[in-house]
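Encoded as structure tokens, the structure appears first; notes follow it.
Just so you know, all these numbers are worked out from the coordinates, no wet-lab data involved. Nothing here was measured: the structure is a model prediction, and the numbers come from that model. Cβ placement follows ideal geometry from the backbone for every residue including glycine, while neighbour counts extend to all protein chains displayed.
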Amino acid sequence: MAEEMLRMEGISKSFGPTKANRDINLVLNKGILLGLAGENGSGKSTLASMVCGMQKKDSGKFYKDGQNYDPHSPADAAAHGIAMVVQELGVVGNLPGVVNMFLGKMDKYTKGPMVDLKAMKRDAQAVFEKWNLPMVPLDVPAGSLSIEQRKIMELARALITDPDFLVLDEISQALSQDNRQVLYQFIENFKSQGRTILMVTHDLEEMVEISDEIAVLRDGVIVETRPAGDYTMDELKRLMIGREVSGDYYRDDQEECYEKEVVLEVRNLTVPGKCEDISFDLHKGEILGICGLSDAGIHEVGSAMFGLEEGRSGSIVAKAENRELKKASDIIKTGGAYLSKDRDAHGLMLDAGIGDNLIVPSVKELSGPAAYLSPIKTKALAQKASEAFEIKSSGLGHVVRRLSGGNKQKVNLSRWLVKDLNYIILDCPTRGVDIGVKAYIYSVLKKAKKDGIGVIMISDELQEAMGMSDRILVMKEHRAAGMLSRNSDFTEDKIMEVML
């Protein structure tokens, strides 16, 4: 008979008039992974944060190992064997990785004004080794690490307290294909020791594959809980969204299709140690996918193209203007745009309103004499973008930090697509968004393609790259390993063969 790890009875939480969770009843047994499915804003992260002591419940009860459990802080939760890896990146960028791992746990390593960094690093490495996690540099500032490295470090940090209950909130979408396999092996090892995982992920195929049970949240209420294998994909989507969402939301054509006209010409793009000798053409109306395993250099290609990488060599030419692109302003002046994988750190002004974020890329067009911004024009453009991209908020003054991940990405994308673009570089555009927003972003990209915009889509998800791209540039060890075109041979096995 299954042994109970955590029980929730009547858990509710409101933020003003918004009811984030309503009367949640759920049981998680030892040695299982329970997937928590739901759209952005359905209450998944709120529920997870209450379990981990990050927020207080309004009513209801938690029971851990049969005993009343009422955490007052994450430290209190850790003392009860519960830890969490949060959705948003949770590191202090200017502190070394090893210090980030032990923030709040420094007493053991502190003697007077001195901190024993050597002992901290030794103990940190022991955690990576115990759970077979890939090591990340711990001596450098955490802010200099890639999103993938930071996410792995956050997982190791959560494991320092040796928890028997782990909450994973959107960890896998920050990982490339090979490190996802590392994560899955870790999960099996963790469960085999009688430990339990509550996992939030928007990758529904992944959820069905690795979960033992799935609970579906909609509008703060659990509408269904059953073994993962008992759901069909269409049924899971319907339960999440409240309506039928059948069929594929990718492209339905099976052949590459774009115009002859070249929008961008990339030749011998190189950033030493990050990407080497990358060359390709991007055509008008083409979606060009770029994918590869971790550390293959795919994300650096995007940031290098936008002029964010030091030591860049090679050439990037906007063909319509016959202009070489050397810095970010060159891309903007030639009708280009770039969305970073890390939208919070490198895309959005989190503490500003939606309206201010939406107008930033269009400031030049909105400026009058003496760089005066027209209030009428700025409000009209922001309103147009907000309505066209169906951004859910209380208005243009709504602070971006308080939006769901899906609505943040809509702001990030719409502020560029409201402009008259020739091309756009997108790095993991659907990271951290739910099935509804993901389908919406794909529809936007299909429209952009139809309108003749050239799209570079860097993706850690093979199914996404295959589903949306005309061609895929596969990278391996910082170099181009092959270019595959959309046809009957456009298979995951074929792409993985080139990657490996």
Point-charge dipole on Cβ atoms (K/R +1, D/E -1) for the chain, about Cα centre, debye to 20: 1740
Shape of region 93-157, Cα gyration tensor, a/c cut at 1.5: oblate
Cα centroid separation, region 31-82 to region 306-370 (Å): 40
Gyration tensor (alpha-carbon) shape descriptor, region 294-418, a/c threshold 1.5: oblate
Contour minus Cα-Cα distance for ASP23 and VAL115 (0.36 nm per residue): 28.6 nm
Karplus-derived 3J(HN,Hα), 6.51/-1.76/1.60, for each residue of region 313-329, Hz, glycine and proline x: 9, x, 9, 10, 10, 7, 5, 4, 9, 6, 10, 7, 9, 10, 8, 4, 5
Approximate spin-label separation SER279-LYS333, in nm, with each point projected 7 Å along Cα-to-Cβ: 2.7
Radius 10 Å from Cβ of ALA337, net charge of other residues (Lys, Arg +1; Asp, Glu -1): +2
Radius 14 Å from Cβ of PRO134, net charge of other residues (Lys, Arg +1; Asp, Glu -1): -1
Partners for LYS319 among aspartates and glutamates (Cα-Cα distance below 12 Å; same-chain residues under 8 apart left out): GLU261, GLU265, ASP281
In nm, spacing of pseudo-spin labels at GLU324 and GLU310 (7 Å Cα→C-beta vector): 2.2
Proximal aspartates and glutamates relative to LYS64, as straight alpha-carbon distance under 12 Å, when same-chain residues fewer than 8 apart are discounted: GLU3, GLU4, GLU9, ASP164
Label-zone membership for region 158-178, site GLN193, 7 angstrom Cα→C-beta point, backbone N under 17 Å: 158-168
Trypsin sites (Lys or Arg not before Pro) restricted to region 1-85 and DSSP loop, no more than 13 other C-beta within 10 Å: LYS56
Of LYS327/LYS364; LYS19/LYS419; LYS57/LYS379; LYS260/LYS377, those spanning more than 28 Å from alpha-carbon to alpha-carbon: LYS19/LYS419; LYS57/LYS379; LYS260/LYS377
Approximate spin-label separation MET106-HIS346, in nm, with each point projected 7 Å along Cα-to-Cβ: 2.9
Fully extended contour minus Cα-Cα distance, from ARG479 to ASP230, at 0.36 nm per residue: 85.4 nm
For region 120-204: rounded, prolate or oblate by the Cα gyration tensor [a/c cutoff 1.5]: oblate
